[in-house]
1. Scanning for something surrounded by 14 or more Cβ atoms within 10 Å (Cβ to Cβ), at pLDDT 90 or above and at positive phi, does region 200-218 turn up at least one residue?
2. Applying the selection to region 8-33, what residues are within 30 Å of Lys194 (Cβ to Cβ) and surrounded by 21 or more Cβ atoms within 10 Å (Cβ to Cβ)?
3. Return the pair list, or none, for Cβ contacts closer than 6 Å from residues in region 89-111 that are touching a residue at least 60 places away in the same chain (Cβ under 8 Å) and in a loop (DSSP other than H, G, I, E, B) to residues that are of a type in the set (A, V, I, L, M) and crowded, with 24+ Cβ neighbours inside 10 Å, at least 6 apart or on different chains.
4. With respect to the numbered conditions (1) within 23 Å of the chain's Cα centre (by Cα); (2) of a type in the set (Ser, Thr, Tyr); (3) in a helix (DSSP H, G or I), which one is the sole condition not fulfilled by Ser228?
5. Within region 260-275, identify whether any single residue is part of a helix (DSSP H, G or I) and either basic (Lys, Arg) or at pLDDT below 95 (or both), and answer yes or no.
6. Could you tell me which numbered condition Gln181 fails, if it satisfies all but one of (1) over 18 Å from Asn97 (Cα atoms); (2) surrounded by 18 or more Cβ atoms within 10 Å (Cβ to Cβ)?
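The values are calculated or read from the model by the stated rules, or taken from the named source; none is laboratory data. Treat the numbers as computed from the prediction; the structure is a model and nothing was measured. In this analysis, Cβ positions are derived from the backbone assuming ideal geometry, glycine residues included, and neighbour counts consider all displayed protein chains.
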Amino acid sequence: MICNLCPRNCNVDRSVSLGVCKTDNIIVSRVARHNWEEPCISGQKGSGTIFFAGCNLHCRFCQNYDISVNPHGAEVTYRRLADIMLYLQDTGVANINLVTPTHFSDKICQALSIVKQRLNIPVVYNTSSYEKVEALQKLDGLVDVYLPDLKFCSKTVSRRLANAADYFAVATAAIGEMRRQQPCEAFDEQGYIKRGMIVRHLVLPSYVEDSKLILDWIADFDKNLYISLMSQYFVARLDGDCPELNRKLFKHEYENIKNYFYNLGLTHGYFQDIESAAKDYLPSFDESEIGRVLKTVPHVFTESAVERN
């Protein structure tokens with residue numbers, strides 16, 4: 001089937017010729033409890049993350065470069081993905097966190113359609129926001145919490161850093177659809193988010209003015225929006241074409257943006273310590289580990305190899 005699922009509009013049959021995301025069937029690179037998300041997502045229980053391989057955006061500074069640009073992991077069907085969600089729920093995590101899901105959103109819809117009624121924890125859709133509105137509409141009623149990035153405003157910046165001059169127009173339309181589906185936030189008695197949306201923005205070195213434009217838009221869009229203002233940028237790899245990215249964020253740059261946030265009258269914010277900019281916070285994407293985990297995932301919606309034989 002010809003794929004134009006995302007704004008790249010590759011117009012290819014992914015089973016024959018791969019598009020920008022470099023994937024066809026679902027590839028899962030990590031299934032694990034993750035403790036480094038926002039407090040209302042990870043808390044003490046941790047977030048039940050499913051990291052998908054491949055990506056339709058390819059930011060030059062990607063911190064998950066290992067799996068986004070050179071996809072690897074375990075290939076699974078949508079039914080096996082549903083099994084994985086039930087498995088994570090049984091580990092006691094606070095939610096099911098789908099990380100970089102855009103290029104598999106159609107298959108994720110299929111998985112959620114069969115498993116959602118058996119989930120008693122929220123489903124989090126953790127996305128770059130480079131999404132088509134019509135693809136997101138199919139998730140309506142299946143996703144409880146949207147966790148979108150709003151990465152760039154300027155066409156020049158988004159073209160330079162992600163080869164996507166249309167990023168801001170696409171992402172803001174996508175966030176508008178997410179807000180339509182989840183118009184307000186709700187938290188449980190322990191402070192975990194049950195439904196709603198949190199918009200993330202990673203402050204990049206040398207791009208403070210673009211960050212201010214992002215906050216300007218958010219303030220006009222919804223001043224009650226929860227915002228995660230991140231300082232965790234580190235140099236994942238040296239970039240000869242974008243030397244401005246070859247350093248950590250200066251503390252004064254991040255403080256500048258925090259002050260701008262408050263001056264706009266925004267109030268719901270999560271902030272990071274500048275010390276969070278370290279590779280120590282990155283998860284491991286070991287292929288042997290994902291293989292080991294999947295062997296322990298019960299077959300609920302799929303038959304086991306023994307049953308098939």
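1. Yes: one or more hits.
2. To start, the set of residues in region 8-33 that are within 30 Å of Lys194 (Cβ to Cβ) comprises 26-33.
Scanning region 8-33 gives Ile26, Ile27, Val28, Ser29, Arg30, Val31.
3. Hits for this filter: Asn95/Val124.
4. Condition not satisfied by Ser228: (3).
5. As a first pass, look at region 260-275 and keep what is part of a helix (DSSP H, G or I): 260-263, 274-275.
In the following step, the residues that additionally are either basic (Lys, Arg) or at pLDDT below 95 (or both) were identified as 274-275.
Yes, region 260-275 contains a residue that is part of a helix (DSSP H, G or I) and either basic (Lys, Arg) or at pLDDT below 95 (or both).
6. Only one criterion is unmet by Gln181, namely (1).
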